[in-house]
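Scroll down for the structure; my scribbles are underneath it.
The values are calculated or read from the model by the stated rules, or taken from the named source; none is laboratory data. What you see is a predicted model, and the numbers here were worked out from it, not measured in a lab. Every residue, glycine as well, gets a Cβ built from its backbone with ideal geometry; the counts of neighbours run over all protein chains shown.
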């Protein structure tokens, strides 16, 4: 396992990713101590048992860990065949994600402490992930932008708008350098602890703030999905699309755009208009 861990680190994977990949294999070893002797049937049984215990996203991550581990084991000659090679993909059902409303955020701002409000606004106005908020350091601010390290160790620059900047400066004066959200025993707050704080104050999942940020950025930023993708730190625009939710007002605008009133003017530009169109149009 030490050699496998070195292999993961050599590929430049983030600390959290390495820890997760190792944990998944260690859990497998609890049921199959001779883990390298696992067959495809063993791995399928392991995942099947957890069908109703774990979320599909979690099982998909476990499957990915199995495929990576046994690919490495096969390449290094530890196994003669790769038992994870043909594992069936994990289906993740599509479900609408919750988006934090402006009303929720405003109520939280009215009742929360400076620390709570700043954490919430970093999600809503900067689109930061929960872990990115928890680990944010005053040294990460470069003027009016944050240098944020996201998934896979990927860095991006996140602009700080005027509304957020005021709270950031106030919190910096309070923490006097170091992490914006310090832990009880030093270092930064654990993301699970921060999640509880935000949930209690906001009334919904902290990730709903990131969805709200993406939607607002897209609708009010000219519909530039590539810019929104860079803002969120996504490697794929397809991922960003899942974060953008149309408001009902936007759906109404689309419905209004299907109007047939324009048919009245077709004849003015030399179009051939069916006889029944003027009659229908006059009724609208």
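Details
- Candidates 44, 86: the one that is more than 30 Å from residue 197 (Cβ to Cβ) and part of a loop (DSSP other than H, G, I, E, B) is 86.
- Looking at 66, 70, just one residue is closer than 30 Å to residue 190 by Cα and either surrounded by fewer than 17 Cβ atoms within 10 Å (Cβ to Cβ) or modelled with pLDDT of 95 or more (or both), and that residue is 66.
- Top-ranked residue of segment 12-41 - restricted to ones that are loosely packed, with under 12 Cβ neighbours inside 10 Å and outside any loop (DSSP other than H, G, I, E, B), ranked as farthest from the chain's Cα centre (by Cα): 37
- Filter pass, residue 197 being under 30 Å from residue 114 (Cβ atoms) and at pLDDT 75 or above: yes
- Spans of helices (runs of 4 or more DSSP H) in segment 168-233 with at least 2 residues assigned by TED's automatic domain parsing to the domain that holds residue 109 and touching a strand residue (DSSP E or B) at 6+ places or on another chain (Cβ under 9 Å): 225-232
- From the list 139, 127, the one residue that fits, being more than 21 Å from residue 23 (Cβ to Cβ), over 17 Å from the mean Cα position of the chain (by Cα) and in the same structural domain as residue 236 (by TED's automatic domain parsing), is 139.
- Flag if residue 157 is at pLDDT 95 or above and loosely packed, with under 15 Cβ neighbours inside 10 Å: no
- Every residue from segment 89-146 that is assigned to a loop (DSSP other than H, G, I, E, B), surrounded by fewer than 16 Cβ atoms within 10 Å (Cβ to Cβ) and either without any contact (Cβ under 8 Å) to a residue 60 or more places away in the chain or at positive phi (or both): 89, 91, 92, 93, 94, 95, 113, 142, 143, 144
- Screening residue 203 against (1) surrounded by 15 or more Cβ atoms within 10 Å (Cβ to Cβ); (2) touching a residue at least 40 places away in the same chain (Cβ under 8 Å) leaves a single unmet condition, (1).
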